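What follows is one structure encoded as structure tokens, with my remarks underneath.
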Amino acid sequence: MILLQAQQVARHFGADVLFENINLEIQDNSRIALVGRNGAGKSTLIKMIIGESEPSAGNIARKKDLTIGYLAQNADISSDRTIMDEMLAVFDYLQDMEKQIHQLESAMANPDADHQSPEYARILKQYDQLQHDFKEQNGYGYVNEIKSVLHGFHFEEADHDRLISSLSGGQRTRLALAKLLLEKRDLLILDEPTNHLDIDTLTWLESYLQSYAGALLIVSHDRYFLDKIVNEVYEISHNKCHHYHAITVNILMKKPNVSNKNGSNTKSNKLKSISWKILSTVTWSELQQPNEPKVDGNNWKKWIA
Ligand SMILES: Nc1ncnc2c1ncn2[C@@H]1O[C@H](COP(=O)(O)OP(=O)(O)OP(=O)(O)O)[C@@H](O)[C@H]1O
Ligand SMILES: [Mg+2]
């Protein structure tokens, strides 16, 4: 299902063209990277996608009732609350349900209640429905879910009662990202989410995003991070946008070990040379890095226009 479609979108500043003729489509299961040099216009395009600004030309159509979660570049979170209270606020609706469930339980436990009355039957029915909805919406697990996401971002139990206003800028950015993940919007847009993350958090975030239920649109200069998550790339370059798809290459790890003249195993060298070959066909030129690619699985991606 299509969530969002940008057609012939342009941004002009007076006579200057930042970009034009951008066509972009986001499906409900999309995993998209938006890449390009500093100043290419990535953040500008994203602000149009979320509706914060209007394109100079073209239009952006969104599915009715689409919910978008957006992490701005260098996002901050300002709040008078503690870390835990801010995260609990995401689940206000569950806490309201919990209160209602307790009220109904009290009504049912009332010794004066007439168990044969229509009123009692109505309470029972409402109680059953609420219990069912509460369970289905992870009512018994959301506190643990919060703790687990906070842990992923290095906020441990001892930090939960800390005031957000006492956190550093980097910590507040991480917390803004944690909150966005908990909100579980249809489309999650992250503008440079990795800037304040150490390697552990980065790895945790990679695996969280891999199983994210909604669509993803991510701006990042971290090619390895993107490679783990996305299967489509839009690259803004020279005022235009190029679109690449990934095909997954599954051959590498199936190659048999090869012994060289000295009898030592050269599988890893072979893997390296093959993987270089694949990566050298990457048209996603912007992100090519001079370092050797990591051989960490059998899912090498090749990008095709
Ligand atoms: N009002 C304006 N008038 C003229 N130029 C502007 C205006 N607003 C933004 N720009 C320019 O538009 C360009 C695109 O900026 P944008 O922040 O979208 O780039 P970006 O691709 O997100 O870059 P980065 O990778 O550094 O975050 C920048 O060169 C910026 O100077
Ligand atoms: Mg930007």
Kindly check whether there is at least one residue in the range 146-162 that is in contact with a strand residue (DSSP E or B) (Cβ under 7 Å, 6 or more places away or on another chain), closer than 24 Å to residue 81 by Cα and not in a loop (DSSP other than H, G, I, E, B).
no
Count of residues meeting criterion [basic (Lys, Arg) and within 16 Å of ligand 1 (Cβ to nearest atom)] in the range 181-225:
1
Based on what the data block shows, is residue 201 in the same structural domain as residue 71 (by TED's automatic domain parsing), in contact with a His (Cβ under 7 Å, 6 or more places away or on another chain) and outside any strand (DSSP E or B)?
yes
Can you give me the number of residues within the range 163-174 that are part of a helix (DSSP H, G or I), within 10 Å of residue 196 (Cβ to Cβ) and of a type outside the set (Lys, Arg)?
4
Of the residues 26, 46, 2, 68, which single one is within 16 Å of ligand 1 (Cβ to nearest atom) and touching a strand residue (DSSP E or B) at 6+ places or on another chain (Cβ under 7 Å)?
46
Positions within the range 81-100 being among the charged types (D, E, K, R), surrounded by fewer than 17 Cβ atoms within 10 Å (Cβ to Cβ) and closer than 17 Å to residue 178 by Cα, in sequence order
81, 85, 92
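One line per residue, one yes/no per condition, for (1) within 16 Å of ligand 2 (Cβ to nearest atom); (2) of a type in the set (D, E, K, R); (3) under 21 Å from the mean Cα position of the chain (by Cα):
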| site | (1), (2), (3) |
| --- | --- |
| 9 | no, no, no |
| 21 | no, no, no |
| 27 | no, no, yes |
| 38 | yes, no, no |
| 49 | yes, no, yes |
| 53 | yes, no, no |
| 56 | no, no, no |
Return the pair list, or none, for Cβ contacts closer than 7 Å from residues in the range 6-24 that are in contact (Cβ under 8 Å) with a residue 60 or more places away in the chain to residues that are near ligand 1 (Cβ under 9 Å from one of its atoms) and β-branched (Val, Ile, Thr), at least 6 apart or on different chains.
18/44; 19/236
Within the range 141-163, how many residues turn out to be farther than 19 Å from residue 183 by Cβ and free of Cβ contacts under 8 Å to residues at least 12 places away in the same chain?
3
Looking only at the range 147-161, decide whether some residue is in contact with a helix residue (DSSP H, G or I) (Cβ under 9 Å, 6 or more places away or on another chain), under 30 Å from residue 104 (Cα atoms) and at pLDDT 95 or above.
yes
If we scan the range 11-26, do we find a residue that is among the polar types (S, T, N, Q) and either surrounded by 15 or more Cβ atoms within 10 Å (Cβ to Cβ) or modelled with pLDDT under 95 (or both)?
no
Given (1) more than 16 Å from ligand 2 (Cβ to nearest atom); (2) loosely packed, with under 13 Cβ neighbours inside 10 Å; (3) at negative phi, number of the condition residue 65 does not satisfy
(3)
Test: residue in the range 116-136 that is surrounded by 14 or more Cβ atoms within 10 Å (Cβ to Cβ) and in a loop (DSSP other than H, G, I, E, B)
no
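The values are calculated or read from the model by the stated rules, or taken from the named source; none is laboratory data. In this text, all values refer to a predicted model and were calculated from it rather than measured experimentally. We place every Cβ from the backbone using ideal geometry, glycine too, and count neighbours over all the protein chains shown.
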